[in-house]
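S.K.: Got a structure for you, written out below as structure tokens; questions coming shortly.
Please treat every number below as a calculation from the coordinates, not as lab data. These numbers come from a predicted model, not from an experiment. We place every Cβ from the backbone using ideal geometry, glycine too, and count neighbours over all the protein chains shown.
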Amino acid sequence: MNLPNHVTIIEVGPRDGLQNEKNFVPTDVKINFIQALKRSGIQEMELTSFVSPKWVPQMSDAGDIVQATLGGGRDIVLSPNRKGIDRVYETNCKAVAIFVGVSDQFNKKNINKTTAEALEELAPIITELKERQYFVRACISTAFYCPYQGKVSLVDTINLCKSFANLGVDELSVADTIGMANPREVYDLFSFLKKELPNILITAHFHDTRKMALANVFASLQAGIDRFDTSVGGLGGCPFAPGATGNVATEDVVNMLEKMGISTGVDLSKLMEALDIVEPHISRPIQTGYHTLHKLEQTTQH
């Protein structure tokens with residue numbers, strides 16, 4: 001088997017995980033949650049996003065979150081447009097995520113632009129960020145399937161990834177936004193991207209809608225991917241993607257990889273301590289495999 005010795009986990013729970021949460025999670029809880037995640041060994045994390053509080057109220061405290069939690073690794077904030085980027089410049093954060101869906105219909109529902117229009121608007125922003133020596137992460141939504149148009153063309157996904165690479169981004173986070181991809185589709189896309197774009201960080205981002213996320217992680221490993229977006233507790237979804245369930249759970253991915261002899265640098269017990277901080281504020285039950293086993297062990301010990 002083609003397996004790496006080490007995998008990098010990019011924790012997206014505080015941003016992607018909480019953005020779709022119905023309850024407003026108090027700012028101090030978010031801060032404690034992020035700090036606990038860092039204590040578990042997470043070195044890269046999406047902290048929050050500078051988006052309109054009108055559309056994503058959960059992220060209305062983004063400035064406070066960044067100020068309180070920045071430091072100790074690569075801290076990333078999502079900033080989808082010029083207004084968000086200008087807010088980033090007011091902070092000490094030096095890593096920015098921008099996003100575009102491959103699907104025109106998804107982008108129109110999400111940001112009221114076609115894919116081409118969104119890319120055209122982002123191009124000068126990316127150039128500016130790189131001139132200012134920011135780390136730029138391009139999140140490629142609906143890379144496999146779209147909730148509005150169905151299956152997305154492999155060629156379209158590859159072309160969008162290449163466009164971002166040509167603009168000089170540092171990382172591509174390629175997402176199965178609604179969790180419909182299967183391992184063969186995953187292997188085919190990531191094998192091609194690794195071959196065509198050898199000088200850029202490529203990260204796989206899976207949702208677990210049909211319980212194929214771990215299988216897709218394994219298929220990605222076979223394709224040479226060693227970076228994964230995950231969300232502790234399987235938190236998440238997408239407010240603009242009907243049917244998208246939570247992200248693949250950090251604890252399940254770490255547990256699988258470590259059992260396979262692949263190091264992640266993440267301490268599972270400390271990861272569960274971080275989840276314990278935010279769990280009382282989450283509207284739906286946490287039902288990931290490792291979390292369920294962890295709770296069962298705690299019950300039998302007491």
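S.K.: How high is the FRET efficiency from Leu293 to Leu70, r the C-beta distance, R0 25 Å, rounded to 0.05? Intermediate values should be presented prior to the final figure.
M.R.: Numbers: r = 33 Å, r/R0 = 1.34.
So, using R0 = 25 Å, E works out to roughly 0.15.
S.K.: Still on this structure, I have one more. Between Glu273 and Asn2, what FRET efficiency follows from the Cβ-Cβ distance if R0 is 45 Å, with the result rounded to 0.05? Walk me through the intermediate numbers first.
M.R.: Details: r = 34 Å, r/R0 = 0.75.
About 0.85, to the nearest 0.05.
S.K.: For Ser52, what charge total do you get from the other residues with a beta carbon under 12 Å from its beta carbon, if Lys and Arg give +1 and Asp and Glu give -1?
M.R.: Values: positive: Lys54, Lys83, Arg87; negative: none.
The answer is +3.
S.K.: Quick check: Cα centre of the range 1-74 to Cα centre of the range 191-229, how many Å?
M.R.: When both Cα centres are located, 21 Å separates them.
S.K.: Could I ask something else about it? Lys113's amide H: which non-local residues (gap 5+, or another chain) put their own amide H closer than 5 Å, with H modeled 1.01 Å from N in plane and none for Pro or chain starts?
M.R.: Lys108
S.K.: Just add up the charged neighbours of Ala274: K/R +1, D/E -1, any other residue whose Cβ is under 12 Å from the Cβ of Ala274. Walk me through the intermediate numbers first.
M.R.: Working: positive: Lys30, Lys38, Arg39, Lys270; negative: Glu11, Glu251, Asp267, Glu273, Asp276, Glu279.
Surrounding charge for Ala274 is -2.
S.K.: What does the highest-first list of 20-30, 201-211, 66-76 look like by mean Cβ count within 10 Å?
M.R.: On the way: 20-30: 15.6, 201-211: 21.7, 66-76: 17.6.
My ranking of the peptides, most packed first, is 201-211, 66-76, 20-30.
S.K.: Right, next: Per residue of the range 61-69, what does 6.51 cos²θ - 1.76 cosθ + 1.60 with θ = phi - 60° give for ³J(HN,Hα)? Whole Hz please, x for Gly and Pro, Karplus curve as stated.
M.R.: Karplus-based 3J(HN,Hα) across the range 61-69 equals 9, 3, x, 5, 5, 4, 4, 8, 10 Hz.
S.K.: Next question. Please go through the residue pairs Lys54/Lys108; Lys30/Lys211; Lys270/Lys295; Lys22/Lys109; Lys30/Lys113 and name each one whose alpha carbons sit more than 23 Å apart in this structure. Write down the numbers at each step before the final one.
M.R.: Numbers: Lys54/Lys108 18 Å; Lys30/Lys211 27 Å; Lys270/Lys295 14 Å; Lys22/Lys109 20 Å; Lys30/Lys113 31 Å.
In this structure, Lys30/Lys211; Lys30/Lys113 exceed 23 Å between Cα atoms.
S.K.: If you don't mind, there's one more thing I want to ask. Counting each DSSP H run of 4 or more residues in the chain as -39500 (n - 2.57), what helix-only mean residue ellipticity at 222 nm follows after dividing by all residues, to the nearest 500 deg cm²/dmol? Please list the in-between numbers first.
M.R.: On the way: 11 runs with 125 residues, N = 302.
Helix contribution divided over all residues of the chain: -12500 deg cm²/dmol.
S.K.: May I pose another question? Pop a pseudo-label 7 angstrom from the Cα along the beta-carbon direction at both Lys195 and Lys259 and give the gap in nm to one decimal.
M.R.: It works out to 3.2 nm between the two label points.
S.K.: Still on this structure, please answer the following. Could you give each residue of the range 253-259 its phi-based ³J(HN,Hα) in whole Hz, using Karplus coefficients 6.51, -1.76, 1.60 with θ = phi - 60°, and x for Gly or Pro?
M.R.: 5, 4, 4, 4, 5, 4, 5
S.K.: Also, I was wondering about something else. To make sure I understand the rule: partners must be lysines, Cα under 19 Å from the Cα of Lys94, and not fewer than 8 residues away in the same chain. Which ones qualify?
M.R.: Candidates past the 8-residue exclusion: Lys38, Lys83, Lys130.
S.K.: Could you run the Karplus curve 6.51 cos²θ - 1.76 cosθ + 1.60 with θ = phi - 60° over the range 155-166 and give me ³J(HN,Hα) per residue in whole Hz, x for Gly and Pro?
M.R.: 5, 4, 5, 4, 5, 5, 4, 5, 4, 5, 4, 5
S.K.: Hey, another quick one. Mind checking which of Leu154, Leu221, Leu268 has the largest fluctuation in a GNM of the chain, springs on alpha carbons under 10 Å?
M.R.: Leu154
S.K.: Continuing with the same structure: Using a Förster radius of 30 Å, what is the FRET efficiency between Glu131 and Gln222 based on their Cβ-Cβ separation? Nearest 0.05, please. Intermediate results must be reported in sequence, preceding the final value.
M.R.: Values: r = 37 Å, r/R0 = 1.25.
For R0 = 30 Å, the calculated efficiency reads 0.20.
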